[in-house]
Amino acid sequence: MIATLSHNAQWVLLSTLILGMAAGIVGSFAYWKRQSLMSDALSHAALPGVIVGFVLAGTKSLPIMIAGAAVSALLGALLIEWIRSSTRIKEDAAMGIVLSVFFGLGIMLLTFVNRSAGGSQSGLDSFIFGQAASMVSSDVRLMTATAAVVLLVAALGYKEWKLFLFDPAYAAGLGLSGRLMNGIYLALLVLVIVVGIQAVGVILMAALLIIPAVSARYWTHSFKWTVALSAVFGGGAGAAGTLLSAMGNGWPTGPFIVLVASATFVVSLFCGASKGLLVLYLGQWSHRRRLSRQPAAGQIAAREGAGQ
Amino acid sequence: MSYSGWILLTATLVGISCGLIGVLLILRRMAMMADAISHTVLLGIVVAYMATRQLSGVHMLIGAVCAGLLTSVLVQWFQSRGVRQEASIGVVFTTLFAIGVVLIATQVGNAHLDVKHTLMGEITFIPWETTAVPLIGEIPEAVLMLAVVLAIALIAILAFYKEWKITSFDPALAVSLGIPAVLMHYVFMSLVSVTTVASFDAVGAIMVVAMLITPASAAYLWTDRLSVMLALGAAFGALSAWIGYGIATWLDTSISGSMAFATGILFAASFLGSPRYGALAKLRRPKAAGRNAGSEAGLSTD
């Protein structure tokens, strides 16, 4: 099937594969930092930046739009932190505020731009649900390169990430700057989100960061394998979802990628080797059998003791 | 009433009902649950449409309540299976929303139901889809639905005011007093779903989140009393609807987007300017006093 795809489509497939892997890895970091929904807030917050980038560039130029998205997502992250730290509003409410207000601003600008100067032909709408097929080869190369950089940074610093996520105090004692690591983490998160929104869309980008990481938890307790599995699930979902959405005319890519990811989640939930429901049930069943035998043995011992 | 009069009335009703429900959402720390439900309501509407082949208010309401309850049941269930709360919210709503979008894209996409409409709302069409009501005459269907939902929300909040207060501020005490906290939780989730779907037509899925969370958060910065907070939440909701409509007609842009943006303006004003909990007030206050204020920051329950 892959051989029958056009040259451009093969590149698109490769890019969503690498994007999925990068998202899987960064997503598992976010899961351990308990910031899964942060990715949702940041991907929504990227929308106004995309539109402003489009207006500044005058045409649909992906590098400038990605830069705009990164700026507005970072601004969103800073605002969430500011609201959380300086008032009594909790983090989830702060995320909801930033998410919805930024998205509202984005829709406002989008409508404004669509009405003027040929914006509706620019395919800006495809940023909402993702349209991998609308990418041209320079977009795809940029996306692939950025996702590969994220992959590389995450893989090279494996030991540092592990320390930073599980024992920040010890990491600081070893001279690993928490601020620096936090900065790199946020940069990776924002990078994955902004290169992903072209293919997956601002609304569902979070799913690609959240679902593979949660699915991987059902298979293993080891951090290394969680990250690796999460990358595999993410990459698989990215590639398979792109293939599926290519089967229809004008079908959005994002929702199909999410559905494939959710399917792996459901399989993991039931069949996962370490916390899967099936394994838990079998464990409980054998435990109950062992228990039902043990009292019998105890009674025999008691009877023997009474006999003597 | 004039065309823009109906639009303003619709937006005001959305602002008031979302502001009221939002206050309870913030206090129960379920802001992101509202985000989740506003997305999954889409699936409920699509399924209701596929089953009945018509887009009427009642079917949509029922579909939406089912979707909202399904969301909260699934989130609870995954949580009990050891998935962290924020992760389980993330998994559930993105999945259900994706199913909804895929169904629209592949099965039912047509002029009446498209994804853009459900995301951004079509408040400009509302004054034309009228229905006859005895004694009052022709009024837009959405206004009728919003009025009914607002009445339900008001009755539910006023009738069980004490129960809402106790379950929101002290769940443990509520259980020991014999208040059915789990039942209240699901009743509340239904209220959120109903409010969401009634507002959906007017402002779309994402703006509902803005209307639910932001005015209530702004109100939270002004007061320590639940009754005042409810009134302020509703007032801020209505006010941001008007400001948003003003911006939208001025710039000739999306009304729902502008309303969401206007909630942000109100919040920013409260965030910076609120005398007790604002950022500026905190900067001005000496450090020690700030710490004292922080320790009594919990909302008092009287």
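The values are calculated or read from the model by the stated rules, or taken from the named source; none is laboratory data. This one's a predicted model, so the numbers in the text were calculated from it and none came from an experiment. Virtual Cβ from ideal backbone geometry, glycine too; neighbours counted across all protein chains shown.
For the range B:223-237, the set of residues classified as surrounded by fewer than 20 Cβ atoms within 10 Å (Cβ to Cβ) and small (G, A, S) consists of B:S227, B:A231, B:A235, listed by residue number. Taking the criterion of being of a type in the set (K, R) and under 28 Å from A:G76 (Cβ atoms), would at least one residue in the range A:207-217 satisfy it? Yes, the range A:207-217 contains a residue that is of a type in the set (K, R) and under 28 Å from A:G76 (Cβ atoms). Considering only residues in the range A:75-90 that are part of a helix (DSSP H, G or I) and facing another protein chain (nearest Cβ under 9 Å), the one that is nearest to B:A219 (Cα to Cα) turns out to be A:I83. Checking each residue in the range B:75-111 for being closer than 18 Å to B:V192 by Cα and either out of contact with any Leu (no Cβ under 8 Å at 6 or more places or on another chain) or among the acidic types (D, E) (or both) picks out B:V75, B:Q76, B:F93. The set of residues in the range A:250-291 being under 20 Å from A:H221 (Cβ atoms) and not in a helix (DSSP H, G or I) consists of A:G272, A:A273, A:S274, A:K275, A:G276.
For the range B:241-254, the set of residues classified as more than 9 Å from every other protein chain (Cβ to nearest Cβ), buried (at least 20 other Cβ atoms within 10 Å of the Cβ) and either more than 14 Å from the chain's Cα centre (by Cα) or more than 17 Å from B:S199 (Cα to Cα) (or both) consists of B:Y245 only. Once the range B:51-89 is narrowed to residues that are crowded, with 23+ Cβ neighbours inside 10 Å and without any contact (Cβ under 8 Å) to a residue 12 or more places away in the chain, the residue that is farthest from A:M38 (Cα to Cα) is B:V83. Scanning the range A:78-98 for residues that are in contact (Cβ under 8 Å) with a residue 24 or more places away in the chain and either among the charged types (D, E, K, R) or surrounded by fewer than 19 Cβ atoms within 10 Å (Cβ to Cβ) (or both) yields a count of 1. So in the range B:207-229, with the set limited to residues that are more than 24 Å from A:G104 (Cα to Cα) and not in a loop (DSSP other than H, G, I, E, B), which one is farthest from the other protein chains (Cβ to nearest Cβ)? Once the filter is applied, the top-ranked residue is B:S227.
Go through A:M38, A:M21 for me and flag whichever is farther than 24 Å from B:Y220 by Cβ, part of a helix (DSSP H, G or I) and out of contact with any Pro (no Cβ under 6 Å at 6 or more places or on another chain). When all the criteria are applied, what remains is A:M21. Between B:G237, B:G233, B:G204, B:G257, the distinction of being in a helix (DSSP H, G or I), within 10 Å of chain A (Cβ to nearest Cβ) and under 18 Å from B:V149 (Cα atoms) belongs to B:G204 only.
When A:A228, A:A206 are checked against the criterion of being within 14 Å of chain B (Cβ to nearest Cβ) and either closer than 20 Å to B:A87 by Cβ or buried (at least 24 other Cβ atoms within 10 Å of the Cβ) (or both), a single residue qualifies: A:A206. The combined condition, being on the phi > 0 side of the Ramachandran plot and out of contact with any strand residue (DSSP E or B) (no Cβ under 6 Å at 6 or more places or on another chain), is fulfilled by A:G175. All of A:F54, A:F103 fail the test of being more than 14 Å from chain B (Cβ to nearest Cβ) and either surrounded by 21 or more Cβ atoms within 10 Å (Cβ to Cβ) or in contact (Cβ under 8 Å) with a residue 12 or more places away in the chain (or both), apart from A:F54.
When B:G68 is tested against (1) assigned to a helix (DSSP H, G or I); (2) more than 14 Å from chain A (Cβ to nearest Cβ); (3) farther than 21 Å from B:I213 by Cα, exactly one condition is not met: (3).
Scanning the range B:274-299 for residues that are at pLDDT 50 or above and within 12 Å of chain A (Cβ to nearest Cβ) yields B:S274, B:R276, B:Y277, B:G278, B:A279, B:L280, B:A281, B:K282, B:L283, B:R285.
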